[in-house]
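Q: Just dropping this structure here.
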Amino acid sequence: MLKIGAGASLRPFLAMDVAARASALQATRGPADPRVLRLEVGQPATGAPRAAVAAVQRALAAGTPLGYTDALGLHSLRARIAAHYRSFYAVPAQVPPDRIAVTTGASGGFLLAFLAAFDPGDRIALASPYYPPYVNILHALSLRAVVLPTGPDTRYQPTVAHLEAMAAGGQGLPDGLIVASPGNPAGTCLDADELAALARYCHASGIRLVSDEIYHGLNWDGPPATACALSDSAIIINSLSKYWSMTGWRVGWTVLPEDLVAPVLRLKQNLFISAPHVSQIAAEAAFDAGDEIAATLAGYRRARAHLLDALPAAGFRDLSPAQGAFYLYVDIGARSQDSVGFCARLLAEAGIAATPGVDFDAKRGHRHVRLSYCGPEADMVEAARRLAAFSG
């Protein structure tokens, strides 16, 4: 038998498995049948901003050659991202364009960050529940994920106390810490003081902080805090996928500390060459789509409010604080201790695709499911109606 590398032994990303089953089920349904409602993946229904699409159309009509760009990305796009940090955040972060790398989605950013900042065997801490590819990418790179079980008492977010407990318990401090605010799947946020405390502790302790900020702008209880303004050693990951509704364009960025700019440049030259030129053109124009994005956010707020009102009335009373992103992490323990089976029944019987909690927390996720409310607003209203009728 031929060898298969250890990096290939990843757990599946169950959200994508559910998505495939939902698509297959929808394909069997006729025009008169109820549609499958897609609450399993974080893919906005609105599509790229019109300004982004128009910019690409102009480039194609003008015959603009689309090829390799500078490895770190178009200078004009990097300058536009730097301007975004000055205008978007309450405490402006001075981010020079030469510390920004345009990446092939946030996923490409994580791969570059982990390769540049860590060595095989290094230990990277993260709060549970967590976004599954964090752990899977770490595993593929022979890095070790150290899961910090969190709960409602810290809004499912890591704290300095978690790190201190690791050291006091004999584990030692990790080499890195991933934070996500707003987080996926729980939709909770670190406030500025909490993020600042983590950033200070990590910098002083030699822990590389990796801040996932791809849901910034989707903050419902207050403005987001960026690690750019709090730490010179943190790595920031962001993307056009969520706030700008550009998942399929596969374009994101990292803001790098000075000591990682050259390593990421070399890695990017060799692994990706550059992010897609056409997507970078679209991304630059998307930053001017404020009115269109505001309308999308208003729809998310309405869908969130409707589900937060309707789900408890339907018997789903224990919900994570929905402070940001577009997810609800729902405790189904009163109905089932098998989130995989529950989601399979929900799809088959109610036509609702949802992601089982074990995707995000292998030990405790059997009693949770994640619902995404970034689909069509009418679908969220219909989902609430079907959930109320679902016996489970």
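The values are calculated or read from the model by the stated rules, or taken from the named source; none is laboratory data. Every value quoted in this text rests on a predicted model; they were computed, and no experiment measured them. Cβ sites come from the backbone with ideal geometry, for glycine too, and all protein chains shown count toward neighbours.
Q: Restricting attention to region 213-233, does a residue exist that is assigned to a loop (DSSP other than H, G, I, E, B), within 14 Å of Pro257 (Cα to Cα) and either among the charged types (D, E, K, R) or in the same structural domain as Ala305 (by TED's automatic domain parsing) (or both)?
A: Yes, because at least one residue in region 213-233 is assigned to a loop (DSSP other than H, G, I, E, B), within 14 Å of Pro257 (Cα to Cα) and either among the charged types (D, E, K, R) or in the same structural domain as Ala305 (by TED's automatic domain parsing) (or both).
Q: Report, by residue number, each residue of region 166-205 that is over 21 Å from Pro129 (Cα atoms) and among the polar types (S, T, N, Q).
A: Correct list: Ser205 only.
Q: If you don't mind, another one. Looking at region 13-25, is at least one residue out of contact with any strand residue (DSSP E or B) (no Cβ under 8 Å at 6 or more places or on another chain), without any contact (Cβ under 8 Å) to a residue 24 or more places away in the chain and outside any helix (DSSP H, G or I)?
A: No.
Q: Of all the residues that make up region 160-200, how many are touching a strand residue (DSSP E or B) at 6+ places or on another chain (Cβ under 9 Å), of a type outside the set (A, V, I, L, M, F, W, C) and either surrounded by 17 or more Cβ atoms within 10 Å (Cβ to Cβ) or at negative phi (or both)? Let's see the steps before the verdict.
A: Initial filter on region 160-200 (touching a strand residue (DSSP E or B) at 6+ places or on another chain (Cβ under 9 Å)): 162-163, 165-166, 171-190, 195, 198-199.
Filter again for of a type outside the set (A, V, I, L, M, F, W, C), leaving 162, 171-172, 174-176, 181-185, 187-188.
Right, trim to either surrounded by 17 or more Cβ atoms within 10 Å (Cβ to Cβ) or at negative phi (or both) and you get 162, 171, 174-176, 181-185, 187-188.
Of the residues in that region, 12 qualify.
Q: Kindly list the number of the only condition in (1) under 26 Å from Asp318 (Cα atoms); (2) of a type outside the set (S, T, N, Q); (3) touching a residue at least 40 places away in the same chain (Cβ under 8 Å); (4) surrounded by fewer than 18 Cβ atoms within 10 Å (Cβ to Cβ) that fails for Gly151.
A: Condition not satisfied by Gly151: (3).
Okay, residues lined up against (1) touching a helix residue (DSSP H, G or I) at 6+ places or on another chain (Cβ under 7 Å); (2) free of Cβ contacts under 8 Å to residues at least 60 places away in the same chain:
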| residue | (1), (2) |
| --- | --- |
| Val36 | yes, no |
| Ala48 | yes, no |
| Ala52 | yes, no |
| Ala55 | yes, no |
| Ala61 | no, yes |
| Thr69 | yes, no |
| Leu72 | yes, no |
| His84 | no, no |
| Gln94 | no, yes |
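Q: Here is a list of conditions, (1) under 20 Å from the mean Cα position of the chain (by Cα); (2) not in a helix (DSSP H, G or I); (3) not polar (S, T, N, Q), and Gly248 meets all of them except one; can you say which number that is?
A: (2)
Q: A follow-up question, please. Within region 40-69, which residues are under 29 Å from Gly299 (Cβ atoms) and either among the polar types (S, T, N, Q) or modelled with pLDDT under 95 (or both)?
A: Within region 40-69, Val41, Gly42, Gln43, Ala45, Thr46, Gly47, Gln57 meet the criteria.
Q: Checking the conditions here, which among Ala101, Ala125 is in contact with a helix residue (DSSP H, G or I) (Cβ under 8 Å, 6 or more places away or on another chain) and either more than 23 Å from Leu271 (Cβ to Cβ) or modelled with pLDDT under 95 (or both)? I'd like the intermediate steps shown before the answer.
A: On the way: Ala101 fails: either more than 23 Å from Leu271 (Cβ to Cβ) or modelled with pLDDT under 95 (or both).
Exactly one residue qualifies, and that residue is Ala125.
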